[in-house]
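Written out below as structure tokens is the structure these notes cover.
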Amino acid sequence: MKINTWFGTLETDIVGEILESRLLSKDIRKLALHSLSLRESRSNLPPEGFDLKAAAIKSGFAESPGEYYFLLHEVTLEAAKLQVSSAITPDQRIIQAVEALDDVNETTNALSERLSEWYGGYFPESGLGGEDLALFIVKYGSRENVSSEDPLYSKARDSMGAKLEPADEALIKDFAESVLSLYERRRQIEAYIESSMEQVAPNLKHIAGPMLGARLISLAGSLEKLAEFPSSTIQVIGASKALFKHLRARAPSPKHGIIYSHPLVNTAPWWLRGKVARAVASKLSLAARIDFYSGEKDPSLIEKLEAKVLQIRTLNPRPPQKKQESGAKLKKRRRK
């Protein structure tokens, strides 16, 4: 069976044993370009559960897990840079940045979990995770190096974890530094998206916030397409599964898609979320059109939206009363 991976092509038998491998050079840019081409073609991708790290080591591409994760880290960052720089229009650059951010988030979460499991055998009582754990490891390494001023000193002193040998300590600290660099890269991409949204879609950013506004553009495909959408479409964008279920199986129609993350929507009482979501979607639609056709910032949009939401809350202070079922319906239900 032929399997295309980010580091080359593998030929395996039916049980997954590698019969032949055609590996790429360790040129980071070439590996990143190859990785992006695989994402587009999606041909002969590794099956679910296939261990890429073990395959890379067994085929001779990487000599150790540390080298594999280092190369994966560098290739991911280079692929993110290529995605951002290859876009043409400003809104397309924002879309590429959002997708790059998703890739970096996916890699960061996977490597953070690996770091947590790895270091958990040496200091299981730390209670740390993610960036905090990576910072702790880079600072101290072995729990035996924890200073007495640190809040975790007593836990480190009495820990039931295994002893961390010097060679393992050096490797895990290097791995933690790689994880930290991914967190930093994520912040850089988020800052890029925020500054780009201010230039490309200031009204959309002002109403939705930079990240939600950027994701709306990404889901629509461009700022132009988003500006063409009616507010009803913007209201449910990102809820395609629920919408198709509603159309095919007569399920309840979705009241909102990704705009649920908007603070005016997710903080609204449950009986008002549909109305508030419609109001927010209406202003988002107007903001996208102003951004695309004129580009002039209109501060009154958010003021009008807040006033509309306040009016909705004022007119509907309590949840609606449930309708009492008629006696005929109750008798019919009992007979069933």
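Can you name the condition, by its number, that Ser37 falls short on among (1) surrounded by 11 or more Cβ atoms within 10 Å (Cβ to Cβ); (2) of a type in the set (S, T, N, Q); (3) in contact (Cβ under 8 Å) with a residue 12 or more places away in the chain?
Tallying (1) surrounded by 11 or more Cβ atoms within 10 Å (Cβ to Cβ); (2) of a type in the set (S, T, N, Q); (3) in contact (Cβ under 8 Å) with a residue 12 or more places away in the chain, Ser37 fails exactly one: (3).
For residues that are in a loop (DSSP other than H, G, I, E, B) and either of a type outside the set (D, E, K, R) or modelled with pLDDT of 85 or more (or both), scanning just the range 322-336, find the one that is least open to solvent (accessible area, probe 1.4 Å). Steps first, answer last, please.
To start, the set of residues in the range 322-336 that are in a loop (DSSP other than H, G, I, E, B) comprises 322-326, 336.
Pick out the ones that are also either of a type outside the set (D, E, K, R) or modelled with pLDDT of 85 or more (or both) and you get 324, 326.
Numbers: Gln324: 172, Ser326: 56 Å².
Looking at residues that are in a loop (DSSP other than H, G, I, E, B) and either of a type outside the set (D, E, K, R) or modelled with pLDDT of 85 or more (or both), I get Ser326.
Condition check ((1) open to solvent by 50 Å² or more (accessible area, probe 1.4 Å); (2) more than 18 Å from Phe175 (Cβ to Cβ); (3) of a type in the set (S, T, N, Q); (4) in contact (Cβ under 8 Å) with a residue 24 or more places away in the chain) across all residues:
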{"site": "Leu10", "(1), (2), (3), (4)": "no, yes, no, yes"}
{"site": "Ser21", "(1), (2), (3), (4)": "no, yes, yes, yes"}
{"site": "Arg42", "(1), (2), (3), (4)": "yes, yes, no, no"}
{"site": "Leu77", "(1), (2), (3), (4)": "no, no, no, yes"}
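So in the range 277-321, with the set limited to residues that are among the charged types (D, E, K, R), farther than 21 Å from Asn266 by Cβ and in a helix (DSSP H, G or I), which one is least open to solvent (accessible area, probe 1.4 Å)? First the steps, then the outcome.
Initially, the range 277-321 is screened for residues among the charged types (D, E, K, R), giving 278, 283, 289, 291, 296-298, 303-304, 306, 308, 313, 318.
After this cut, where a residue has to be farther than 21 Å from Asn266 by Cβ as well, the list is 289, 291, 296-298.
Then drop every residue that is not in a helix (DSSP H, G or I), which leaves 289, 291.
Numbers: Arg289: 94, Asp291: 11 Å².
Among those that are among the charged types (D, E, K, R), farther than 21 Å from Asn266 by Cβ and in a helix (DSSP H, G or I), it is Asp291.
Out of all the residues in the range 260-270, which are open to solvent by 60 Å² or more (accessible area, probe 1.4 Å) and farther than 14 Å from Leu310 by Cα? If you could, list the steps in order and put the result at the bottom.
Initially, the range 260-270 is screened for residues open to solvent by 60 Å² or more (accessible area, probe 1.4 Å), giving 260-261, 263, 267, 270.
Answer for the range 260-270, where residues must be open to solvent by 60 Å² or more (accessible area, probe 1.4 Å) and farther than 14 Å from Leu310 by Cα: Tyr260, Ser261, Trp270.
Pick out the one residue from Tyr183, Tyr192 that is assigned to a helix (DSSP H, G or I), open to solvent by 60 Å² or more (accessible area, probe 1.4 Å) and touching a residue at least 12 places away in the same chain (Cβ under 8 Å). Give the derivation first.
Values: Tyr183 fails: open to solvent by 60 Å² or more (accessible area, probe 1.4 Å).
Only one candidate qualifies: Tyr192.
For the range 44-59, which positions are surrounded by fewer than 10 Cβ atoms within 10 Å (Cβ to Cβ) and touching a helix residue (DSSP H, G or I) at 6+ places or on another chain (Cβ under 8 Å)?
Initial filter on the range 44-59 (surrounded by fewer than 10 Cβ atoms within 10 Å (Cβ to Cβ)): 48-49.
Passing the criteria: none in range.
Any idea how many residues of the range 209-238 are more than 14 Å from Val280 (Cβ to Cβ), out of contact with any helix residue (DSSP H, G or I) (no Cβ under 7 Å at 6 or more places or on another chain) and of a type in the set (Gly, Ala, Ser)?
1
Among (1) in contact with a Leu (Cβ under 7 Å, 6 or more places away or on another chain); (2) small (Gly, Ala, Ser); (3) more than 30 Å from Leu133 (Cβ to Cβ), which single condition is Ser41 missing?
(1)
Any idea which residue in the range 131-152 is surrounded by the most Cβ atoms within 10 Å (Cβ to Cβ), counting only those that are free of Cβ contacts under 8 Å to residues at least 24 places away in the same chain and farther than 18 Å from Glu169 by Cα?
Asp150
The values are calculated or read from the model by the stated rules, or taken from the named source; none is laboratory data. Treat the numbers as computed from the prediction; the structure is a model and nothing was measured. Heads up, the Cβs are rebuilt from the backbone with ideal geometry, glycines too, and the neighbour counts pull from every protein chain shown. These area figures cover heavy atoms from the full protein model, side chains too; ligands, DNA and RNA do not enter into them. Shrake-Rupley method; radii C 1.70, N 1.55, O 1.52, S 1.80 Å.
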